[in-house]
Amino acid sequence: MGDLSVNSSIFSSRNGSDAPSVPPSMSIDKLLPALLECFGIILCGYVAGRTNIIPATHAKGLGSFVSKFALPALLFKNMVLLDFGDVIWPFFFSILVAKVTVFFFVCVLTLLVADRESRFSKAGLFSIFATQSNDFALGFPIVEALYRNTHPEYLQYIYLVAPVSLMVLNPLGFAFCEVQRRRTGEPQQQSKLQVLGLVLLQVVKNPIVFMVVIGVISHFLLGQKIPAFMEEFVDGLANSFGGAALFYLGLTMVGQLKKLTRSTVVALILLITAKLLVMPLICRGMVEVLDRGSRSSMNHSSLSNYAFLYGVFPTAPSVAIYASHYNMELEVVTSGMVIVTFLSAPIMYVSAWLLTIPWMDSDPLASALQHVSFNISIISLFALVWSVAVMLLSRKFHRIPHIFTINLFVAQLLACVGMIAWNFMAEQDNFLGQVLTFTLLYGSLYSTYIWPGLIALSLLLMRRRKEVNFRPGLTVITGWGVPVLAVSVLLLTGERLPNTIDSAFFYGKTQVTCTSVVLFVSIVLCGVSLTLLSRRTQDSHSLERGSLSDSEEDTHTEQPGATGSINTDCQACECACGRLQSVPDMTSTNEEASIQTGQCSQQCTSTSCLLVEEEQKVADRQNTDIQSTRHVLVCLLLTVSLLANLSSCLWWLFNKDPGRLYLELQFFCVVANFGQGLISFAFFGLDKHLIISPFKKRLVRLWQGWGQEVTGSAASEEIRLTCTQFLTYHKEQCVRDIVHKKRCGQRSTTEAFLGSDMVRWLQSVGLASDSGEALAYGWRLLEGGVIQHITLEHGFQDEALHYCFT
């Protein structure tokens with residue numbers, strides 16, 4: 001290891017010698033045309049669906065043809081013609097073990113994290129999502145373009161591996177969905193044996209599975225040859241699959257991303273990580289382990305690279321059909337299918353390009369990595385300066401977990417500064433300067449590895465109502481002390497490598513091992529904390545809903561008063577909509593004296609108004625949820641980058657010749673390490689109250705001023721007509737349906753309604769077709785003076801804000 005340098009870390013073998021100049025095992029000449037062909041047909045299908053040239057009902061018919069006729073015929077044909085003598089079985093079993101591993105990993109993790117009401121359906125469908133690839137419609141053309149001239153026998157593995165999911169793993173996922181269906185209390189309760197029989201029956205009835213079995217039997221009965229009388233018929237159906245399947249995939253993508261919600265983003269990040277990062281790495285790793293020493297040793301490297309490419313294939317659209325059939329997790333599955341499909345294209349192309357380029361000198365590649373690190377650090381530095389300034393100006397850094405978030409920002413900022421300094425110091429003959437720069441760089445970089453776990457732990461303790469026992473000072477010391485300790489140990493025990501400009505290998509194997517330990521500890525801490533946090537979230541939400549119900553009951557139910565007359569002076573609050581009047585207490589009985597309460601109708605200006613307090617509680621709760629969600633997403637995304645870094649370290653430690661795909665992982669890790677500031681900026685750099693709201697108000701004023709000059713009279717006429725129509729035909733019904741008497745003070749009430757209730761009511765009576773039109777209708781009523789907010793502070797919003805009729 002004494003002569004190890006960055007050159008050996010990427011392309012050279014571990015003994016420092018350059019790898020032999022061998023010809024590439026694939027041809028990239030036809031890859032780009034194949035990708036353009038596949039995604040061009042997908043785009044045509046999307047355009048046809050978006051413009052309603054082909055309605056959704058017709059798309060279902062095309063999907064039925066693809067899945068029940070074309071694909072079964074294609075599988076039958078290739079099962080009959082398959083030459084089992086050329087199959088490298090260790091490779092087949094490697095992919096099988098990889099799929100089973102990912103399936104059970106996703107299944108167990110989902111069962112641990114998901115809420116109890118839907119964890120079985122999520123476990124089944126998410127596991128299928130992560131393991132069932134779009135092998136035939138999208139995978140086969142790409143494999144054919146890459147390996148047709150060099151390894152044509154690789155094409156048959158598509159037909160061997162695909163049935164693994166259909167016949168082995170999918171039935172397990174269906175069983176989980178059936179268990180979930182039983183737990184939801186459907187009318188027909190079934191025993192476990194009946195559920196097992198139903199799942200097996202569905203598998204047998206599946207045309208794809210059925211024709212695979214028939215094809216294997218026919219392979220031995222017909223001697224690897226399709227009879228002449230049915231050959232043309234089978235070929236016609238099989239050849240129709242490619243274009244029809246890709247076109248149908250485009251049709252199914254229409255409108256799916258609109259279904260994304262905040263609650264589905266976390267699941268999507270985990271699923272995309274499992275499909276595009278974990279799956280290809282495990283596939284390659286299993287081939288490295290199981291195929292070593294077999295008769296395919298000459299093609300061992302080629303097979304492992306092929307396994308990596310196979311793992312990147314996107315999820316099959318049939319998974320969305322499964323989700324629709326069970327009516328479970330449809331939003332996550334369909335949105336994830338779209339995102340994974342388009343993310344897989346650049347990954348496949350870059351991977352194939354790296355595997356087909358001639359063997360290059362290591363020095364230019366090392367310089368390229370250094371330049372990427374330098375450039376992304378400069379961009380990230382500006383984003384982090386902005387994010388830190390926003391955090392300081394908003395004064396959120398005094399609160400937990402923001403006090404830890406700003407420490408993460410500072411660590412990321414120092415890491416960028418350290419990388420910029422390293423770019424100028426790496427090639428200079430200044431040992432002391434290099435050591436000091438390395439200490440700054442890796443002390444702060446290790447800190448960015450530690451802080452996501454500490455932030456996740458703080459969120460968990462806050463959720464468990466243990467803020468008092470949580471000491472921020474000790475956490476800050478840990479966040480900076482552990483990295484300093486790790487770098488100190490590295491400086492004292494590590495051996496500096498000569499002639500290296502890559503900071504990741506400045507101290508060779510010792511540094512990679514130390515980095516792996518820090519990454520592993522942080523991943524475990526963050527993963528366990530986020531898992532426990534997710535399991536406790538639903539219980540806390542139930543408590544919050546109960547608390548909210550109590551609050552709403554206080555505002556809806558009038559408290560019994562003392563016998564006699566109550567002073568009708570509105571001291572607690574003066575609410576909108578008219579003068580103060582005396583009205584009978586609705587809770588009084590014949591035996592009790594008549595109890596009077598004050599109905600206040602002036603603009604509410606008191607800080608003790610119960611309705612204002614209720615709105616503030618809801619707003620605070622929503623803001624807390626938003627901030628918590630942002631922290632969870634940041635921790636999750638940073639954990640994904642930590643996982644990629646750990647994979648890179650382990651790949652280097654346990655492979656004598658890391659290979660060309662390692663370079664792709666290195667570039668990803670560089671961008672992930674020094675581009676963290678862009679993630680921080682995306683979630684915390686645009687503060688709602690400090691930046692977005694003032695900018696939005698300014699933009700609205702400018703737009704309104706321009707709009708009044710251009711279309712002022714037309715807009716006023718539209719508002720007048722809307723208000724006249726509503727007052728004449730709909731107001732009385734609206735008052736009966738959504739207006740309620742609510743207590744706004746100890747001795748006062750008012751008649752009010754929620755903006756969210758008005759939005760739903762406008763849609764229910766047909767005045768608006770969706771929430772967007774309902775919001776526009778409500779704005780016209782507010783601008784026309786028909787309704788107003790109780791404090792006149794808010795416009796019309798689809799929120800839990802109180803409004804009343806003027």
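The values are calculated or read from the model by the stated rules, or taken from the named source; none is laboratory data. All values reported here derive from a predicted model rather than from experimental measurement. Here the Cβ positions follow ideal geometry from the backbone for every residue, glycine too, while neighbour counts run over all protein chains shown. Heads up: the accessible areas ignore ligands, DNA and RNA and are worked out on the full protein's heavy atoms, side chains in. Shrake-Rupley method; radii C 1.70, N 1.55, O 1.52, S 1.80 Å.
What to note about this one:
- Of the candidates Ile128, Ile53, Ile95, the single residue that is within 32 Å of the chain's Cα centre (by Cα), loosely packed, with under 15 Cβ neighbours inside 10 Å and assigned by the TED database to the domain that holds Leu251 is Ile53.
- When residues of region 643-681 are limited to those that are more than 21 Å from Ser444 (Cα to Cα) and open to solvent by 60 Å² or more (accessible area, probe 1.4 Å), the one modelled with the highest pLDDT: Leu650
- Odd one out for Gln194 among (1) within 24 Å of Phe76 (Cα to Cα); (2) at pLDDT below 75: (1)
- Candidates Val143, Val164, Val168 - the one that is in a helix (DSSP H, G or I) and surrounded by fewer than 17 Cβ atoms within 10 Å (Cβ to Cβ): Val168
- Checked against (1) farther than 29 Å from Ile42 by Cα; (2) open to solvent by 50 Å² or more (accessible area, probe 1.4 Å), Glu153 passes all but a single condition, namely (1).
- Residue check, Ala48 touching a Phe, Trp or Tyr at 6+ places or on another chain (Cβ under 8 Å), within 25 Å of Phe220 (Cα to Cα) and in a helix (DSSP H, G or I): no
- Thr448 vs. criteria part of a helix (DSSP H, G or I), in the same structural domain as Gly677 (by the TED database) and under 32 Å from the mean Cα position of the chain (by Cα): yes
- Within region 396-409, none of the residues are assigned by the TED database to the domain that holds Ser444, open to solvent by 60 Å² or more (accessible area, probe 1.4 Å) and of a type in the set (A, V, I, L, M).
- Being closer than 21 Å to Leu646 by Cα, part of a helix (DSSP H, G or I), among the aliphatic types (A, V, I, L, M) and touching a His at 6+ places or on another chain (Cβ under 7 Å) holds for only one residue in Ile523, Ile455, and it is Ile455.
- Residues that are farther than 11 Å from Asp798 by Cβ and without any contact (Cβ under 8 Å) to a residue 40 or more places away in the chain were ranked within region 751-766; the one that is surrounded by the most Cβ atoms within 10 Å (Cβ to Cβ) is Trp761.
- Region 209-234 residues that are free of Cβ contacts under 8 Å to residues at least 60 places away in the same chain and assigned by the TED database to the domain that holds Asn78, paired with ones that are part of a helix (DSSP H, G or I) and of a type outside the set (Asp, Glu) (beta carbon under 8 Å, 6 or more apart): Val209/Pro163; Val209/Leu166; Val209/Met167; Val209/Val203
- Checking Val482, Val468, Val518 one by one, the residue that is at pLDDT 85 or above and either closer than 28 Å to Ala366 by Cα or out of contact with any helix residue (DSSP H, G or I) (no Cβ under 6 Å at 6 or more places or on another chain) (or both) is Val518 and no other.
- Residue that is farther than 27 Å from Phe91 by Cα, of a type in the set (Gly, Ala, Ser) and loosely packed, with under 12 Cβ neighbours inside 10 Å, where the choices are Ala228, Ala175, Ala244: Ala228
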